[in-house]
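Structure first, commentary second.
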């Protein structure tokens, strides 16, 4: 069977590098090109040193981009929408990892991103990129969006409760998220300067984080609020979603809901142990893997449930989900190229 | 012998267990004591230490 030709627009950043790490070893695809405007001509391994001696691919300018079977877009937010019609001419299938085509509603986009979308006529062509939510739609899709890492860890924490109808939606749902520094991308800023960032625990978006829009859209919740804290990790995001369940809900009801949501999912594991060191989800052991670990605890007296989730933000929260989505869209085994289970200890 | 975890309701299949034996639930990891074997298998939560760093 011939391999599909895939190319990456924006191959020098962290999500592009993570895609290269996955796609270079994927059994069904061949990486044809990876672009970078500022680093054209340089070798991929010069920017992704883990790939030294695994590929001699050189970054090229977008002007040299050739048609391919699947095109991944790893551009800064706002860039894909400017040239999406050009990208449509280059590939019959596109996965856009940016935020540009995650939201179906242009008004919701404007509300959360603060400016009008420049290609709103194409929003409904894209399927939201989390297979656990949109697997069936992906099977016939041609265009798939990326996912927000903080949205993903929130959506996976809350999905079992929403599907089972256990939430008291009259009460607010507060999702407290801790994130690693790679969420900020490869570009430096004052906050990423080592003396400032190191050992810091900084609430950088207590309210108003843009990924909230993806939770509203995908779970149909309205009274949901994300609160972001940057912690001293490179990879990883973990969510503690605080909500209230309907009266009479027991811990066994929660077990049923979480099993119903995730027992058949290849990349979601329920982690709720009463013994040992690893009783709850922890992003530390997920680095480099596409797994999402999910757990919960219930305060039976008050009805407060704390649903916990952990991911590697560059994997399940970005490039891993993008490859999983490509697998579904292209008819590959859903786990192809994504079997790495992570490291322990790390 | 089939049994159900009293903590999380996972379905367990246990072989050759005896009364008083401690087994582990494969889903929630809780320690379970076999309290009865006949006429049917009965499991109960075994005492465990909670994790608490709030000194």
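List of remarks:
- One quarter of the surface of the convex hull around the alpha-carbon atoms of the range A:79-145 equals 4.4 nm², the direction-averaged projected area.
- Size of chain B: Rg and Dmax of its alpha carbons, in Å, are 12.4, 46.
- For chain A, the longest principal axis of the alpha carbon atoms and the long axis of helix A:251-262 meet at an angle near 20°.
- For A:194, A:344, the sequence from fewest to most other C-beta atoms within 10 Å is A:194, A:344.
- Fewest neighbouring Cβ atoms within 10 Å first, the residues A:301, A:30 line up as A:301, A:30.
- According to the Cα-based calculation, Rg over Rh for the range A:171-238 is 1.03, with Rh computed by the Kirkwood formula.
- Whole-number percent relative contact order across the range A:88-234, with pairs defined as alpha carbons under 8 Å at least 6 apart: 26
- Cα coordinate range in the range A:149-313, projected on the principal axes (Å, largest first): 50, 34, 27
- For the residues of A:270-280, the average number of beta carbons from a partner chain within 10 Å of their own beta carbon is 5.
- Packing around the peptides A:215-225, A:142-152, A:99-109, A:36-46, taken as the average count of other Cβ atoms within 10 Å per residue, puts them in this order, highest first: A:142-152, A:99-109, A:215-225, A:36-46.
- Kirkwood-Stokes translational diffusion coefficient of the range A:269-341, alpha-carbon pairs, 25 °C, 0.890 mPa s, µm²/s: 181
- Structure-based [θ]222 nm, chain A - -39500 (n - 2.57) summed over DSSP H runs of at least 4, per residue, nearest 500: -7500 deg cm²/dmol
- For chain A, the longest principal axis of the Cα atoms and the long axis of helix A:80-90 meet at an angle of about 60 degrees.
- Percent of C-alpha pairs per 5 Å bin, the range A:98-229, short to long: 2, 9, 18, 19, 19, 15, 10, 5, 2, 0
- For chain A, a Gaussian network of Cα nodes joined below 10 Å ranks A:207, A:35, A:275 by mean-square fluctuation, and the top entry is A:275.
- Gyration tensor analysis over the Cα atoms of the range A:214-285 returns equivalent ellipsoid semi-axes of 22, 20, 14 Å (largest first, whole Å).
- Here the range A:1-24 and the range A:201-236 have alpha carbon centers that stand 27 Å from each other.
- Among A:200, A:321, A:80, residue whose mean-square fluctuation peaks in a GNM of chain A (springs only between Cα atoms under 10 Å): A:200
- Short-range pairs are left out: with C-alpha atoms under 8 Å and at least six residues apart, the relative contact order of the range A:15-158 is 17 percent.
- Degrees between helix A:14-23 axis and first principal axis of chain A (Cα, 0 to 90, nearest 10): 80
- Cα-based radius of gyration of chain A once divided by 2.2 N^0.38 Å, which approximates compact folds: 0.97
- Here, the range A:1-149 has an Rg and a Dmax of 15.3, 47 Å when only alpha carbons are counted.
None of the figures in this text is laboratory data; all of them are computed from the coordinates on show. In this text the structure is predicted, and so the values were computed from the model without any measurement. In this analysis, Cβ positions are derived from the backbone assuming ideal geometry, glycine residues included, and neighbour counts consider all displayed protein chains.
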